[in-house]
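Below is one structure, written out as structure tokens; comments come after it.
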Amino acid sequence: MAEIQLNLLETRIIVRGTEMFGNDQQYSLEGHQFAVFGFCLTSDLRYIVSISNKFITWDLSTSDMTRDVNPGIEGIMQQLVLSPDNRFAAAYTNNNQVSYFAECCSHKTKYCTNH
């Protein structure tokens, strides 16, 4: 089982002990300019979606960043949720905006922001 550690006010996520992928490595998932304020593990345990001022999707088997989507919002996204099929992500910001991200675990990108 993977242990996922998120330290507030850091721009990275640490993943340790990923024996579920046949190895025992430690990954440091770095790519956010600002602190990571939330993340979700997909229901198939293949990806982590993280948020700050943008959405980033990480492949847990390789530690590769697979998606990097900046919805162009003001403020920092908080309280990330994923749909049960992992296709959609939603978060709200400290400026009371809601941002939706479609196809968060595929190569198609769609997003919109509501004020």
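The values are calculated or read from the model by the stated rules, or taken from the named source; none is laboratory data. Computed from a prediction, not measured in an experiment: that's the story for all the values here. All Cβ positions, even for glycine, are placed from backbone atoms using ideal geometry, and neighbour counts span all protein chains on display.
For the reader, a short list of remarks on this structure follows.
- Subset of segment 46-66 that is of a type in the set (S, T, N, Q) and within 8 Å of the chain's Cα centre (by Cα) - its residue that is nearest to residue 87 (Cα to Cα): 57
- Verdict on residue 67 being surrounded by fewer than 20 Cβ atoms within 10 Å (Cβ to Cβ) and in contact (Cβ under 8 Å) with a residue 12 or more places away in the chain: no
- Filter pass, residue 3 being more than 21 Å from residue 85 (Cβ to Cβ), at pLDDT 75 or above and either among the charged types (D, E, K, R) or surrounded by 17 or more Cβ atoms within 10 Å (Cβ to Cβ) (or both): no
- The C-beta contact set for segment 32-44 (first residue over 18 Å from residue 99 (Cα atoms) and free of Cβ contacts under 8 Å to residues at least 40 places away in the same chain, second residue β-branched (Val, Ile, Thr) and buried (at least 17 other Cβ atoms within 10 Å of the Cβ), distance under 6 angstrom, 6+ apart or interchain) comprises 41/48.
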